[in-house]
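Down below is the structure, laid out as structure tokens.
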Amino acid sequence: MAGRVFPEDPLELARTVRDWLARTAPMADRLVATPRAVIAPHAGLPVCGAVMAGAWSATRDAAPDRIVLLAAAPMPDFTGIAVPVHHGAIEIPGKKLRIDRDACRALIRSGRAHGREAAFEAQPGIDAHLPFARFLHPRVPVVPLVVGQVAPARIAAVIDRLDRLPGQTLFVLSSDLGRAGTAAEARRLQARTAALIETGQGARLTPDAASGALVLAGWQGSQAGQGCRALRLGHAVTHPKGGGPVSGHGAWAVYPPQGALLPDGLSEVLLDVARRAVGSGLSRGTAPHMRPDSYALPLRTLMASAVTLTAGGTCIGSAATLTPHLPLVADVAGNAARAALRDPRATGRAPDPQALGIEIDLLGPATPLEMPDEAALLARLVPGETGLALSDAGRHAMLLPSAWAELDDPQLFVAALRRKAGLPPDHWSATQQIRLLHAERLVAPAEALPVAA
């Protein structure tokens, strides 16, 4: 694919990759965690180099023992999952990347993949990423996988098999987004696709929306991808030089359910947004008008949140969304204003802004739980780490992981959740819906809140 997805000349290739990575370095410098996976396009350096570099830059500080490249087969009649079996390395201009042959053979022996060298001929979903892998992780072997028409559960099984290998595995999920007749249509399709990726609904993706739809569905259905959070790092639409459909491209870093998520500095931005929303609510009775497109891409990720207001160490108002449907920055602003204006504990109290503290919980995708009995439910809870959401008989309630500070026993935690929903503390029914929650908490100490102009 040299000459098509990257330059044929070794020096030009190295210079091009280095330049693209340098352009995305400011965001990479702010990242505070190492992703488990990245989602990156593969149309090639001339077409979407900036978006590709944005995804790969997130892996800059990673130290993986192997890099798994997953791409959909361009041939519609291809079935199964293919790995290379006869070659020990992949060549790009001036360099070679070692293939993890032990991992490939293990997949073949397990029956989860088969050796098929032809699947890797003219495969942009794999080839386009090789220069970045070689430049950022020169000594790390790769496990290239071409995915044909196969159930997402089989892809998930392969991902989990590789994730259980000794050491750290970095997954690169290769996918361009959909094509459309105009740039406006491409952006709308891109937004719908991004929403499914960011809200953990990869199973609903179609090849028209994302070329790697099966790969993304397999990742989100795997144990490795369960509950993971996708943070938006890049997006673009491109127009082919010779005319034709407009293509969408996006980049995401995918993080575990727990741990720091937002790049350095953006937590403060989000807390400031909440302060301003509360200040506007207290002084004007309305939430401020939000323009999400004016904020950094990670803050435009669709994500649910909860905002808690405190005065003198006591909660006086809170509001939350369980199902993500807005850009994070808009969701936080809306919840902050609702906590100040609509929570009965805050209504009419007009707390002194100088004595007001703000806590924001960033909620990852909620994981549905199907538990046979209460003992199984209690066994899934990890004090201090997991929260729960409950819906049944028209009643709803949620307890965030922070609630463990006052409820240090799983049985007490579940009983408190039921009471919050207006249900008996020992309630159990076949119609209840229980979801497991993870959250990252941001805290702003009490201070004066800005008053909206």
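The values are calculated or read from the model by the stated rules, or taken from the named source; none is laboratory data. Model, not experiment: these values are computed from the prediction. Ideal geometry is used to build each Cβ from the backbone, glycine not excepted, and the neighbour counts take in all protein chains shown.
For the reader, a short list of remarks on this structure follows.
- Test: residue in region 14-35 that is part of a loop (DSSP other than H, G, I, E, B) and closer than 25 Å to residue 119 by Cβ: no
- If you check 51, 47, 68 for being assigned by TED's automatic domain parsing to the domain that holds residue 121, in contact with a helix residue (DSSP H, G or I) (Cβ under 6 Å, 6 or more places away or on another chain) and outside any loop (DSSP other than H, G, I, E, B), only one passes: 68.
- Test: residue in region 184-206 that is modelled with pLDDT under 90 and either touching a Cys at 6+ places or on another chain (Cβ under 9 Å) or part of a loop (DSSP other than H, G, I, E, B) (or both): no
- Screening region 308-332 for residues that are among the aliphatic types (A, V, I, L, M) and surrounded by 23 or more Cβ atoms within 10 Å (Cβ to Cβ) and picking the one that is modelled with the lowest pLDDT gives 309.
- Matching residues, region 273-293, being of a type in the set (Gly, Ala, Ser) and either surrounded by fewer than 20 Cβ atoms within 10 Å (Cβ to Cβ) or assigned to a loop (DSSP other than H, G, I, E, B) (or both): 283, 285, 287
- Looking at 436, 423, just one residue is crowded, with 16+ Cβ neighbours inside 10 Å, in a loop (DSSP other than H, G, I, E, B) and in contact (Cβ under 8 Å) with a residue 12 or more places away in the chain, and that residue is 423.
- Candidates 107, 165, 145, filtered to the one that is more than 15 Å from residue 42 (Cβ to Cβ) and not in a loop (DSSP other than H, G, I, E, B): 107
- Any chance residue 283 is among the hydroxyl-bearing types (Ser, Thr, Tyr) and touching a residue at least 12 places away in the same chain (Cβ under 8 Å): yes
- Selection over region 120-142 of residues that are in a loop (DSSP other than H, G, I, E, B) and among the β-branched types (Val, Ile, Thr) gives a count of 1.
- Count of residues meeting criterion [touching a helix residue (DSSP H, G or I) at 6+ places or on another chain (Cβ under 8 Å), of a type in the set (S, T, N, Q), more than 25 Å from residue 380 (Cβ to Cβ) and buried (at least 21 other Cβ atoms within 10 Å of the Cβ)] in region 188-233: 1
A quick yes/no check of all residues on (1) surrounded by 13 or more Cβ atoms within 10 Å (Cβ to Cβ); (2) farther than 16 Å from residue 306 by Cα:
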position	(1), (2)
359	yes, no
375	no, yes
384	no, yes
400	yes, no
408	no, yes
418	yes, yes
428	yes, yes
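- The lone exception for residue 269 - which of (1) in contact with a strand residue (DSSP E or B) (Cβ under 8 Å, 6 or more places away or on another chain); (2) over 21 Å from residue 35 (Cα atoms) it fails: (1)
- Between 67, 92, 108, 81, the distinction of being of a type in the set (A, V, I, L, M), touching a Gly at 6+ places or on another chain (Cβ under 8 Å) and either modelled with pLDDT under 90 or surrounded by 19 or more Cβ atoms within 10 Å (Cβ to Cβ) (or both) belongs to 81 only.
- Residue in region 18-42 that is farthest from the chain's Cα centre (by Cα), counting only those that are buried (at least 23 other Cβ atoms within 10 Å of the Cβ) and aliphatic (A, V, I, L, M): 31
- Some residue of region 401-418 being among the charged types (D, E, K, R) and either under 30 Å from residue 283 (Cα atoms) or modelled with pLDDT of 95 or more (or both): yes
- In region 133-156, the qualifying residues are those that are small (Gly, Ala, Ser) and surrounded by 20 or more Cβ atoms within 10 Å (Cβ to Cβ), and the one that is farthest from residue 218 (Cα to Cα) is 133.
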